[in-house]
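Every read-out reported here was derived from the displayed coordinates using simple, explicitly stated rules and does not represent laboratory data. On a predicted model such as this, the values are computed, not experimentally measured, just so you know. Please note: Cβ atoms are built from the backbone with ideal geometry, for glycine as well, and neighbour counts cover all protein chains shown.
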Amino acid sequence: MEERKGFGSNFGFLMAAVGSAVGLGNIWGFPNKMGASGGFTFLLIYLVLAVCCGFIVMVGELALGRKTGQGAVGAYKVLSKKFSWMGWLGILSAFFILFFYCALGGYCIKYTVLNVGDLFNAGFGSNGLSGAEIFGNFMSNPAEAIIYGLIFVALTMIIVMGGIGGGIEKVCSIGMPCLFVALLICIIRACTLPGAVNGLKYMLIPGWAVANGVIDKAPNLFQVFATAGGQMFFSLSLGMGAMITYGSYLDRKENIQKNGLLIVVMDSMVAFMAALCVLPARFALDPEGSLGGPSLLFVTMQNVFSRMGTVGPIFGIIFYLLVVFAAISSSISLLEVIVAHFVDKARAEGKGDKRKSYTLIATAMVSLGCILVCADALGTSGISPADLLGIENPKTWAADWLDFWDCISEGIMMPLGALLMTFMVAYEIGTEFVKDEIEQCGNKFTMYKFYRFCIRYVTPLGLLLVLYGQIKSFFF
Ligand code: TRP
C-alpha cells in the first residue's frame, strides 16, 4: 500500500492547524462578544478557559489522531468500545458547519469584489450606497449570494483535492503569515483614526459599555462564562475531530505539547488582534453601527471603509481578503475531516487513494447545504426551518437556516463531542495513553499532572457549563 502522506514540516502543520483555528469566529465573533460581555473580564475568563479546557482537548485530539494515524471515524473505532460512533458525530458536524460557513465565506468574497469596484469606480462598487443599503440589496438577491457561496466552496474543494502536503500545507504556510501582516496593517490604520480610543475603552475597561449606554445591562458572570466557553470552542476548532484529523498527519518526532500550546496562544492572539482592528474602526467611523451579528462585518465595517476617503477601498480589500483567507483555511479543515475518512477507508480496502473523487462527492453535498443557506438570505426569503416545521414566533435556531445549522453544530454537537472525548480519555482509555503518545518525540509531557487533573474534573465541568449555556442561549 502506498504511504499515507502527511505534513512536510512542523511549520506547515502549525500553520495549517492555526489556519483551521483562525477563522470567522476570531474576526467576527470574538470582538463583539468581548465588548458586550465586559471587556477585560471576558478576556480573562476566555484565557483561563482556553488553558483549562481548550488546551486540554486540543492536546487530547492531536494525540489520539497521531496515535491511530486515522481520521476521526477510524480513530474512535480503534480507541473505544463505548464511543466508537463519535467519529460520525464529527463528520456530521463538519457538514453542518460547512453549510453556513461557506455561505458566509461567499459573502466575504462579495465584499472583496465590492471594494475592488470602489477602487476603480466601477459599476460593481458601492455606488454611493450606505452599508445597510448594500447589504439589503445583496440579501434581496439570493442568486448572487449563491454564486459567491459556490465560488467559496469550489476554492475549498481545489485545496483539499491537493491533499495535505500539496494543498492544505502549501496554502497555509504562505497564507497565514500574509494574514498576520494584513491584520497588523488594519490594526495600525484603525487605531490611529480619531475617536478610535473609544473602541479600546469598550474592549478593555470593564463596565464601560454599560456606563456609556452601548449595551443596556451587564451580563452576569455565568453568562460571560458560557459565552466565552462557546466562543473558545468554536474558535479552536475542537470537539468534532478536526484536530484528530490534522494530528493523524503529524510526524512522530514532533512535540504535541508545544504545538498544542502554540495553537491556543496564536488563535487567542489573532482573536484579540482582530478586536483591536474592528472595534476602534467602528467607534471612530460608524459609532451608531451595529456591534454584533452579520451586520458588524457586512454593514458597519463597509461603512467604515466608505468613510475612510480615497484609501478606503484599499483597506477594504485588504480586510475582506484577510477574512476570506481566514475562512478558507478553516473550511479546508472541515472538508478534510470528511474526506480523510473516506480516503483512509478506500486505502484500507486496497482501492488506492481516491481523494479527488471523494472530495468531489463531499463538495457536491456541501454545495446543496450552502445553496439552502444562501437562498434563505438570513430568513428574509424562501422557507425557513420554522415555516417548514410550522413554528410561530421561532427562537433563533428555527428563524433561518444559518442559525439552524449553527445551533445544532456549534450549540450542541461540538461541546457534546468534546465532553464525551474527555470522558473517554479520562475514564476509558486512560490519560497514560495520551502521555505515551506525547512523549514519543523524546520530550517529557511536563504538564501531565495538570493535564490529568483538568481532564478528570475541570474540563468536563467547564464543558458541561458551556453546553448548558449554549442550549440556553440558542433555544430559550
Ligand atoms: N475555528 C474556526 C473559526 O474560528 C471554525 C472552524 C474551523 C471549526 N474548523 C472547525 C469549528 C472545526 C469547529 C470545528 O471560525
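Under the combined filter of DSSP loop state and at most 14 neighbouring Cβ atoms within 10 Å, region 170-241 retains these trypsin sites (Lys or Arg not before Pro): Lys217. Among Val304, Val265, sorting on how many other beta-carbon atoms sit within 10 Å of each Cβ, with the fewest leading, yields Val265, Val304.
Please go through region 321-399 and write out the GluC sites (Glu not before Pro) that DSSP classes as loop and that have at most 16 other C-beta atoms within 10 Å.
Within region 321-399, the qualifying GluC sites (Glu not before Pro) (loop, at most 16 other Cβ atoms within 10 Å) are Glu349, Glu392.
Per-residue Cβ neighbour counts within 10 Å put Ile317, Ile188, Ile438 in the sequence Ile188, Ile317, Ile438, beginning with the fewest.
In order along region 319-335, the phi-based Karplus estimate (6.51 cos²θ - 1.76 cosθ + 1.60, θ = phi - 60°) of 3J(HN,Hα) comes to 5, 5, 4, 4, 5, 4, 5, 4, 5, 5, 5, 8, 5, 5, 5, 5, 5 Hz; Gly and Pro are listed as x. Restricting the trypsin sites (Lys or Arg not before Pro) of region 367-476 to loop positions (DSSP other than H, G, I, E, B) with no more than 16 neighbouring Cβ atoms within 10 Å leaves Lys395, Lys444.
For region 309-439, averaging the sequence separation of C-alpha pairs within contact (under 8 Å, six or more residues apart) and dividing by the residue count gives a relative contact order of 11 percent.
Short-range pairs are left out: with C-alpha atoms under 8 Å and at least six residues apart, the relative contact order of the chain is 32 percent. Isolated cysteines of the chain, defined as having no other cysteine beta carbon under 4.7 Å away, are Cys52, Cys53, Cys108, Cys172, Cys178, Cys191, Cys374, Cys407, Cys441, Cys454. The overall shape of region 1-159, judged from the alpha-carbon gyration tensor, is prolate: a/c is not under 1.5, and a/b is greater than b/c. Evaluating 6.51 cos²θ - 1.76 cosθ + 1.60 at θ = phi - 60° for every residue in region 61-68, the Karplus couplings come out as 5, 4, 5, 4, x, 5, 4, 8 Hz, glycine and proline recorded as x. Taking the helices alone, the chain has a mean residue ellipticity at 222 nm of -21500 deg cm²/dmol, built from -39,500 (n - 2.57) per DSSP H run of at least 4 residues and averaged over all its residues. When the pairs Lys33/Lys435; Lys82/Lys444; Lys5/Lys354; Lys81/Lys253; Lys253/Lys449 are compared against a 24 Å limit on Cα-Cα distance, Lys33/Lys435; Lys82/Lys444; Lys81/Lys253 fall above it.
Put a dot 7 Å past the Cα of Glu428, heading toward its Cβ, do the same for Ser473, and the two dots end up 2.9 nm apart. When a/c is below 1.5 the answer is rounded, else prolate if a/b is larger than b/c, else oblate, so apply that to the chain with a ≥ b ≥ c taken from the square roots of the Cα gyration tensor eigenvalues. Prolate. Take the alpha carbon gyration tensor of region 68-200, find the square roots of its eigenvalues, order them as a ≥ b ≥ c, and report rounded if a/c is under 1.5; if not, report prolate when a/b exceeds b/c, else oblate. Note, shape of region 68-200 comes out prolate.
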